[in-house]
Amino acid sequence: MANTWWGSHLLSPGADDELWAVSSAPVTRGQLRTSVADLGERFREQGITEGSSVLLRMKPSFTYLHVLLALWSRGAQVVLVDFRLKPAEYEPLSDLVRPQYLVAAAGAGGPVAGFRQESGFSVQRLPNGRPAVDGVRLVQFSSGSTGRPKVIGRPADSVLAEIDRHGAVPGIPGKGERVMLLNSVMHNMGLVSGVLHALAAGATLIVPPTLRPAEVVRMMARTDTSAVYGTPVHYDLLSRVESRPELPALRLAVSGGERVPQETHDRFRTHFGLPISPVYGVTEFGLIAGDLSGASVPPQLGPPVPGAEVKVVDEELFVRMKQSPYLYGGHTDRFADGWLRTYDRVRQDPATGVLTMLGRADSLAVVGGLKVDLAEVETVLLDHPRVTETVVTHGEVIEAFVGTDQELASDELVAWCRERLSPAKNPKRFFVAKRLPRNSMGKLVRDRALMHEHVKSELSSQTQGDR
């Protein structure tokens, strides 16, 4: 199984001189295969074999991707840890999974310095490590936006099934197309939707060495990019680039991770001439729904993709899985009788199957005996023309954390919400900052205590206490 589960899907297709990826320099499929083989031999000499558990912590680079594929070629279970995590975040995760090996780049911590062509690394055997969980090849951690991340293990067939689901989506980039990836390659959308799908489909991956918006757009033109994958933040920045070259090959823009604000969606469509197409998934399962036709607009997610079986119970989405994705016996409330509870609240159109995001099941709060959906409050705030991002939490009272790049007084937000929300839904405290904190996946932090801690230094205004 070590050499077969991924090889025929990912490394075998394509001639040696076929272009696989471009960043600061091009990489052919032949160069990729040679690098993976050489690294696999290095790992063999280090004792890494079928059933070894390896923690991978490197900054994004082609070396990082080659190392990952080489470790899989050895039959290893690879634990992906974001290099941006602080020691207080990273060390408890390492203690939890107890890998046998650590593969890390020198200076793995620190700020993002762009995507690198190559990166040196070391291999270290760790004491008291435990072998791989049977059959699991990829271990990831959830975003942890509301607390400590969950440990998620995916067998080979789970990863391959997700690659197949991507290939079955109408309009997905195919052989010969050039796909620009703005998402982090350390997380599921960047890794599977971007890297692994491109390998399997014969597409060429374009990874900008820098995410400065103007340079990204110029690279899109220079490489004849036909599709771009990113997050709402990326599209917001791209839509603000004033001087743009012609992009005749660009036909598709795909976003996942969180809802695209309507203002960002409209501004991008005006400036680039195409909509932002939504895809939706969870780390535990991968891609669940999407619509690349341009017909679905926020907060629509599109229909379930071929190969994803879902059900909606009391406006809550469940997805069919063979086994629990959670390692070490945790989170029994999230998986039962073959169904994964996503905690996402959706509505499904009975005629088209299109899913529309309503919010999170765990975003419901009880205020004065009434149920309040905090996602609804966020939607109202995002409709404000000067609000760029928001997080609404509930402790003793409802609090709204608002990000804006313009002057915005709390009193104006109070009036805005009072005109549009019933009294029980109105936030009692507003915190306005230039930007809100995000986790390593780029998602907004939703833990109330963390919000107060991180936003405190950036607050530009605050309401006059409780109302």
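Some notes on this structure:
- Residue match in the range 21-31 (condition: out of contact with any helix residue (DSSP H, G or I) (no Cβ under 9 Å at 6 or more places or on another chain) and over 22 Å from R178 (Cβ atoms)): no
- Options L358, L292, L370, L317: the member that is in contact with a Gly (Cβ under 9 Å, 6 or more places away or on another chain) and either touching a residue at least 60 places away in the same chain (Cβ under 8 Å) or of a type in the set (A, V, I, L, M, F, W, C) (or both): L292
- Any hit, the range 300-322, residues being polar (S, T, N, Q) and surrounded by fewer than 17 Cβ atoms within 10 Å (Cβ to Cβ): no
- The set of residues in the range 36-60 that are within 21 Å of G190 (Cα to Cα) and of a type in the set (S, T, Y) is empty.
- Selection over the range 219-259 of residues that are open to solvent by 40 Å² or more (accessible area, probe 1.4 Å), touching a Leu at 6+ places or on another chain (Cβ under 8 Å) and within 19 Å of L191 (Cβ to Cβ) gives a count of 1.
- Flag for G290 being under 22 Å from L252 (Cα atoms) and surrounded by 23 or more Cβ atoms within 10 Å (Cβ to Cβ): yes
- Any hit, the range 295-304, residues being touching a helix residue (DSSP H, G or I) at 6+ places or on another chain (Cβ under 7 Å) and closer than 24 Å to S158 by Cα: no
- Listed by position, the strands (runs of 3 or more DSSP E) contained in the range 124-228 that have at least 1 residues being small (G, A, S) are 151-155.
- The set of residues from the range 261-284 being in contact (Cβ under 8 Å) with a residue 12 or more places away in the chain, touching a strand residue (DSSP E or B) at 6+ places or on another chain (Cβ under 8 Å) and either over 25 Å from K150 (Cα atoms) or surrounded by fewer than 22 Cβ atoms within 10 Å (Cβ to Cβ) (or both) comprises P261, T264, H265, F268, F272, L274, P275, I276, S277, V282, T283.
- Unique match (being among the hydrophobic types (A, V, I, L, M, F, W, C), assigned to a strand (DSSP E or B) and at negative phi) among L71, L93, L55, L65: L55
- Residue match in the range 205-213 (condition: touching a Ser or Thr at 6+ places or on another chain (Cβ under 8 Å) and open to solvent by 30 Å² or more (accessible area, probe 1.4 Å)): yes
- Residues of the range 86-121 that turn out to be of a type in the set (D, E) and modelled with pLDDT under 90, as a count: 2
The values are calculated or read from the model by the stated rules, or taken from the named source; none is laboratory data. Quick caveat: nothing in here was measured; it's all calculated off a predicted structure. Every residue, glycine as well, gets a Cβ built from its backbone with ideal geometry; the counts of neighbours run over all protein chains shown. These area figures cover heavy atoms from the full protein model, side chains too; ligands, DNA and RNA do not enter into them. Shrake-Rupley method; radii C 1.70, N 1.55, O 1.52, S 1.80 Å.
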